[in-house]
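Visitor: The structure's right below; bear with me while I get my questions together.
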Amino acid sequence: MKSPLLFLPGAVAAEGSDEEVAAHYGDLFREQRALADGTGLVDLSHRGIVAITGDDRLAWLHLLLTQHVSELAPGEATEALVLSANGHIEHALYLVDDGTTTWTHVEPGTREALIAYLESMKFFYRVEVADRTDDIALVHLPAGSIAEVPEGTPVRETAHGRDLFLPRAGLEAYAAAHGPLAGILAYEALRVENHRPRLGFETDHRTIPHELGWIGSAVHLQKGCYRGQETVARVQNLGKPPRRLVFLHLDGSEVLLPGHGTPIRLAADGAEGRPLGFITTSARHHELGPIALALIKRNVPVDAELMAGDTAAAQEAVVEV
């Protein structure tokens, strides 16, 4: 379902999984600066909204997710993962509970599989799982925003801003009253700057939480059993992950950014060198210039000079070597 804000003057559609919202509204860097200054809003209405109700909802979710949520207080924001039996990341959930409902937003195109999994695990628990994407739209307000939040709106507040679960019918009116609008490219540039991983971008079919720095923020190490916990505990206690997330400063003289999947090699090895990893997300930042996140082999030296395709790159460690 394409966002109605995509049809506003100046809106340019994003690509890939974000194609249902705007990449930008005519001025990428102005939009970034507005968000960094705590003004404007981002249309994230393409994200899936899943609501869980019932007296057992938190205790039940606690058994399924990597995060400790059994005592989640109303209004407290958290994030959590669903892992495979082998500890690979399958879903990323961004949650807040309002005292009666646990509101969750997830990546576009993932809610159906998540809901199917949750439904299969209900058993005798007093819970109901509902897909609310058709009637609820997610809007992001940056940190420092003083925009009014309509009474009764579930809000997920973090250090990076507030996620509002708005009635979809009121999306256009709210955007008109609390703009300026910023596109997904501005939002993504700030995400990359803050080293925040995203499912489907920084993950592939074999990613484990340790590789992306999701231990702590999305994975609680002192909670009870959940699917994939054995892998989490083994890596935490006995070893290190095979790969690690890094932040890259890219050569600003290149016209094109290296896209998702671009191989990373040692600069000394040239174009025929062995791939050591790949670009996960690249962006143009209003202050830092071209930047990216990448997933590389853990044993690559932090001071190694790298090439992302044909683009020179210098890394900063995100996950402990």
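The values are calculated or read from the model by the stated rules, or taken from the named source; none is laboratory data. All figures in this text were calculated on a predicted structure; none of them were measured in a lab. Note that each Cβ is placed from the backbone with ideal geometry, even for glycine, and that neighbours are counted across all protein chains shown. Just so you know, the surface numbers come from the protein's heavy atoms only, side chains and all, with ligands and any DNA or RNA stripped out. Shrake-Rupley method; radii C 1.70, N 1.55, O 1.52, S 1.80 Å.
Visitor: Pick out the one residue from 105, 140 that is touching a residue at least 60 places away in the same chain (Cβ under 8 Å), closer than 18 Å to residue 81 by Cα and either in contact with a Lys or Arg (Cβ under 8 Å, 6 or more places away or on another chain) or not in a loop (DSSP other than H, G, I, E, B) (or both).
Guide: Unique residue meeting the criteria: 105.
Yes or no, residue by residue, for (1) in contact with a strand residue (DSSP E or B) (Cβ under 6 Å, 6 or more places away or on another chain); (2) not in a strand (DSSP E or B):
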site	(1), (2)
223	no, yes
226	no, yes
233	no, yes
237	no, yes
244	no, no
252	yes, yes
272	no, yes
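Visitor: Check 85, 92, 80, 34 and return the single one that is open to solvent by less than 10 Å² (accessible area, probe 1.4 Å) and either touching a helix residue (DSSP H, G or I) at 6+ places or on another chain (Cβ under 9 Å) or at positive phi (or both). Don't jump to the end; show me each part of the working.
Guide: Numbers: 85 fails: open to solvent by less than 10 Å² (accessible area, probe 1.4 Å); 92 fails: either touching a helix residue (DSSP H, G or I) at 6+ places or on another chain (Cβ under 9 Å) or at positive phi (or both); 34 fails: open to solvent by less than 10 Å² (accessible area, probe 1.4 Å).
None of the others qualify; the one that does is 80.
Visitor: While we're on this one: State whether the residues of region 147-160 include one that is free of Cβ contacts under 8 Å to residues at least 12 places away in the same chain and not hydrophobic (A, V, I, L, M, F, W, C).
Guide: Our first condition is that a residue be free of Cβ contacts under 8 Å to residues at least 12 places away in the same chain; within region 147-160, this holds for 151-152.
Filter once more, keeping what is not hydrophobic (A, V, I, L, M, F, W, C): 151-152.
Looking through region 147-160, at least one residue is free of Cβ contacts under 8 Å to residues at least 12 places away in the same chain and not hydrophobic (A, V, I, L, M, F, W, C).
Visitor: Right, here's the next one. May I ask you to list pairs of residues, at least six apart or on different chains, whose Cβ atoms are under 7 Å apart, with the first in region 296-321 being polar (S, T, N, Q) and the second being part of a loop (DSSP other than H, G, I, E, B)?
Guide: Listed by first residue and then by second, the contacts come to 311/251; 311/254; 311/258; 315/302.
Visitor: Within region 229-267, track down each residue that is among the hydrophobic types (A, V, I, L, M, F, W, C), farther than 30 Å from residue 66 by Cβ and surrounded by fewer than 20 Cβ atoms within 10 Å (Cβ to Cβ). Give the steps one after another, and end with the answer.
Guide: In the first step, residues of region 229-267 are kept if they are among the hydrophobic types (A, V, I, L, M, F, W, C); the result is 232-233, 235, 238, 245-248, 250, 255-257, 264, 266-267.
Filter once more, keeping what is farther than 30 Å from residue 66 by Cβ: 250, 255-257, 266-267.
Correct list: 255, 256, 257, 266, 267.
Visitor: Which of the residues belonging to region 48-64 are in contact with a Lys or Arg (Cβ under 9 Å, 6 or more places away or on another chain), open to solvent by less than 20 Å² (accessible area, probe 1.4 Å) and not in a helix (DSSP H, G or I)?
Guide: Scanning region 48-64 gives 48, 49, 50, 51.
Visitor: Just need a number here: residues in region 268-294 that are modelled with pLDDT of 95 or more, surrounded by fewer than 17 Cβ atoms within 10 Å (Cβ to Cβ) and of a type outside the set (D, E, K, R).
Guide: Final tally of qualifying residues: 3.
Visitor: Just one of 190, 181, 185, 164 is open to solvent by less than 20 Å² (accessible area, probe 1.4 Å) and either modelled with pLDDT of 95 or more or of a type in the set (Phe, Trp, Tyr) (or both); which is it?
Guide: Working: 190 fails: open to solvent by less than 20 Å² (accessible area, probe 1.4 Å); 181 fails: open to solvent by less than 20 Å² (accessible area, probe 1.4 Å); 185 fails: open to solvent by less than 20 Å² (accessible area, probe 1.4 Å).
Of 190, 181, 185, 164, the one residue that is open to solvent by less than 20 Å² (accessible area, probe 1.4 Å) and either modelled with pLDDT of 95 or more or of a type in the set (Phe, Trp, Tyr) (or both) is 164.
Visitor: Within region 116-137, how many residues are of a type outside the set (S, T, N, Q), part of a loop (DSSP other than H, G, I, E, B) and in contact (Cβ under 8 Å) with a residue 40 or more places away in the chain?
Guide: We begin by selecting, within region 116-137, every residue of a type outside the set (S, T, N, Q); these are 116-119, 121-132, 134-137.
Next, only the ones that are part of a loop (DSSP other than H, G, I, E, B) stay: 121-127, 132, 134-135.
Right, trim to in contact (Cβ under 8 Å) with a residue 40 or more places away in the chain and you get 121-122, 125-127, 132, 134.
Result for region 116-137: 7.
Visitor: Same structure again: Of the conditions (1) of a type outside the set (Asp, Glu); (2) surrounded by 16 or more Cβ atoms within 10 Å (Cβ to Cβ); (3) over 21 Å from the mean Cα position of the chain (by Cα), residue 130 fails just one. Which one is it?
Guide: Status for residue 130: all satisfied but (2).
Visitor: Which residues, counting only those in region 295-314, are open to solvent by 20 Å² or more (accessible area, probe 1.4 Å) and within 26 Å of residue 29 (Cβ to Cβ)?
Guide: In the first step, residues of region 295-314 are kept if they are open to solvent by 20 Å² or more (accessible area, probe 1.4 Å); the result is 297-299, 301-303, 305, 307, 309-310, 312, 314.
309, 310, 312, 314 - these are the residues of region 295-314 that are open to solvent by 20 Å² or more (accessible area, probe 1.4 Å) and within 26 Å of residue 29 (Cβ to Cβ).
Visitor: Can you tell me which residue is surrounded by the fewest Cβ atoms within 10 Å (Cβ to Cβ) among those in region 193-224 that are without any contact (Cβ under 8 Å) to a residue 60 or more places away in the chain and within 18 Å of residue 65 (Cα to Cα)?
Guide: 216
Visitor: On the basis of being in contact with a His (Cβ under 7 Å, 6 or more places away or on another chain) and buried (at least 20 other Cβ atoms within 10 Å of the Cβ), does residue 40 make the cut? Spell out how you get there, then give the answer.
Guide: Numbers: in contact with a His (Cβ under 7 Å, 6 or more places away or on another chain): no; buried (at least 20 other Cβ atoms within 10 Å of the Cβ): yes.
Criteria not met by residue 40.
Visitor: So in region 1-31, with the set limited to residues that are part of a helix (DSSP H, G or I) and open to solvent by 60 Å² or more (accessible area, probe 1.4 Å), which one is modelled with the lowest pLDDT? Talk me through it step by step, then tell me what you get.
Guide: Keep residues of region 1-31 that are part of a helix (DSSP H, G or I), which gives 4-7, 16-18, 28-31.
Still in the running and open to solvent by 60 Å² or more (accessible area, probe 1.4 Å): 7, 29-30.
Details: 7: 94, 29: 97, 30: 97.
Among them, the one singled out is 7.
Visitor: Still on this structure, I have one more. Could you tell me which residue of region 148-161 is farthest from residue 285 (Cα to Cα), considering only residues that are surrounded by fewer than 15 Cβ atoms within 10 Å (Cβ to Cβ) and acidic (Asp, Glu)?
Guide: Per the stated criteria, the residue is 151.
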